[in-house]
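**Student:** I have a structure here, written as structure tokens, and I will follow up with some questions on it.
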Amino acid sequence: MTLPSRPIIVIPARLAATRLPNKPLADIHGEAMIVHVWRRAMEADIGPVLVAAAEIEVVDVVRAAGGRAVLTDPALPSGSDRVDRALAEADPDRRHDAVINVQGDLPTIDPAAVRAALAPLAEAAVDIATLAAEITRDEERTNPNVVKAVAGFAPGARVARALYFTRCTAPWGDGPLYHHIGLYAYRRAALTRFVSMPPGVLERREKLEQLRALEAGMRIDVALVDTVPLGVDTPADLDRARALLAPR
């Protein structure tokens, strides 16, 4: 088993968030949130980092911090499409054989979690890798906003094949449930294939993009991590992120 030799991290970002407008530019101790995400990705130390921005304002703040960013069409339908389009511009010769899609609203993500997402691609049959953490709060077991990764982890195993993703409480019976974390590592060819396919039946029903890949027969493996990173979607989340990143 061999990991991809030239991975790249791409962070999609756009300003048009409904619950927290201009989210990537939100100030966290003097720097835009997208800059904090870029720093965490750099700290993962697995390859170059590129921000795929929908607006020039995001490009400007990333470049001012010393990062790399490209401007993409704001009309692109998803973060995956934005990542693919940015790669086409930044790496037209396809030198990078894998790409880790890190969401632009994870300013406190542990760089080790980013590295963990790449690990399942050491298995040649895996097209896409993602993350999950065991659910420990009872209310999350039935919360449809907490997406569950259905995967059969053998005792002691940290990686398992994803059989399904759902907003329901699944699987049934005694045993752990797993909170899916929407951070993905794609083989380059798998990303190209994924964005070229139309949305799937189950994808539209559950409103979960990753089901498109499973419906098409692509293999997704899940790596276990210890905690779910804080995603910033609301002003309250932003306050938590500021507290977590406060200078010590």
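Nothing in this text is a laboratory measurement; each read-out follows from the coordinates by a stated rule. Since the structure is predicted, the reported quantities are computational estimates derived from the model, not experimental observations. FYI the Cβ positions are ideal-geometry reconstructions off the backbone, even for glycines, and counts take in every protein chain you see.
**Student:** If amide H atoms are built 1.01 Å from N in the plane of the peptide, which residues on other chains or at least 5 residues away come under 5 Å of the amide H of Y164?
**Tutor:** For Y164, the qualifying residues are V150.
**Student:** Related question: Just to check I understand the Karplus step: with θ = phi - 60° and J = 6.51 cos²θ - 1.76 cosθ + 1.60, what whole-Hz values come out for the stretch 119-134, glycine and proline as x?
**Tutor:** With coefficients 6.51, -1.76 and 1.60, one gets 4, x, 6, 5, 7, 4, 7, 7, 8, 9, 10, 8, 10, 8, 10, 5 Hz.
**Student:** Tell me, in nm to one decimal, what length is gained between R205 and L15 on full extension, where the rule is 0.36 nm per residue of separation less the Cα-Cα distance?
**Tutor:** Working: separation 190, 0.36 × 190 = 68.40 nm, distance 2.64 nm.
Answer, rounded to one decimal: 65.8 nm.
**Student:** Continuing with this model, one more query. Quote to one decimal, in nm, the extra length available between A65 and N145 on full extension: 0.36 nm per residue of separation minus the C-alpha distance between them.
**Tutor:** Fully extending the segment from A65 to N145 adds 25.4 nm.
**Student:** Give me the log10 of I(q) over I(0) for the stretch 7-243 at q = 0.07, 0.16, 0.18 Å⁻¹, as the Debye formula computes it from C-alpha points; what are the numbers?
**Tutor:** Once normalised to I(0) and log-transformed, intensities are -0.21, -1.20, -1.51.
**Student:** With r defined as the distance between the Cβ atoms of L163 and R39 and R0 fixed at 35 Å, what FRET efficiency is calculated, to the nearest 0.05?
**Tutor:** 0.50
**Student:** Could you order peptides 218-226, 90-98 by the average number of other Cβ atoms within 10 Å of their residues, highest first? Before the final figure, lay out each step's value.
**Tutor:** Details: 218-226: 19.8, 90-98: 14.0.
Averaged packing, sorted descending, gives the order 218-226, 90-98.
**Student:** Largest first and in whole Å, what are the equivalent-ellipsoid semi-axes of the stretch 1-143 based on the Cα gyration tensor, each being the root of 5 times an eigenvalue?
**Tutor:** Each semi-axis is the square root of five times an eigenvalue, giving 23, 21, 15 Å.
**Student:** Right, another one. So how far apart, in nm, are the two label points at T136 and D73 if each is 7 Å from Cα heading toward Cβ?
**Tutor:** 4.4
**Student:** Using θ = phi - 60° and the Karplus curve 6.51 cos²θ - 1.76 cosθ + 1.60, what whole-Hz ³J(HN,Hα) does each residue of the stretch 96-102 get, with Gly and Pro shown as x?
**Tutor:** 7, 9, 8, 9, 9, 8, 9
**Student:** Using only helices, what value at 222 nm comes out for the chain when you add -39,500 (n - 2.57) per DSSP H run of length 4 or more and divide by the total residues, to the nearest 500 deg cm²/dmol?
**Tutor:** Calculated mean residue ellipticity at 222 nm is -8500 deg cm²/dmol.
**Student:** Taking H as built 1.01 Å from N, whose amide H comes closer than 5 Å to the amide H of R6, not counting residues under 5 places away?
**Tutor:** D97, A98
**Student:** Moving on. Mean-square fluctuation check for the chain, GNM, Cα pairs under 10 Å: which of L202, L106, L87 is largest?
**Tutor:** Most flexible of the set in this elastic network: L202.
**Student:** I need the peptides 177-183, 119-125, 99-105 ranked by packing, meaning the mean over residues of other C-beta atoms within 10 angstrom, with the highest value on top.
**Tutor:** 99-105, 177-183, 119-125
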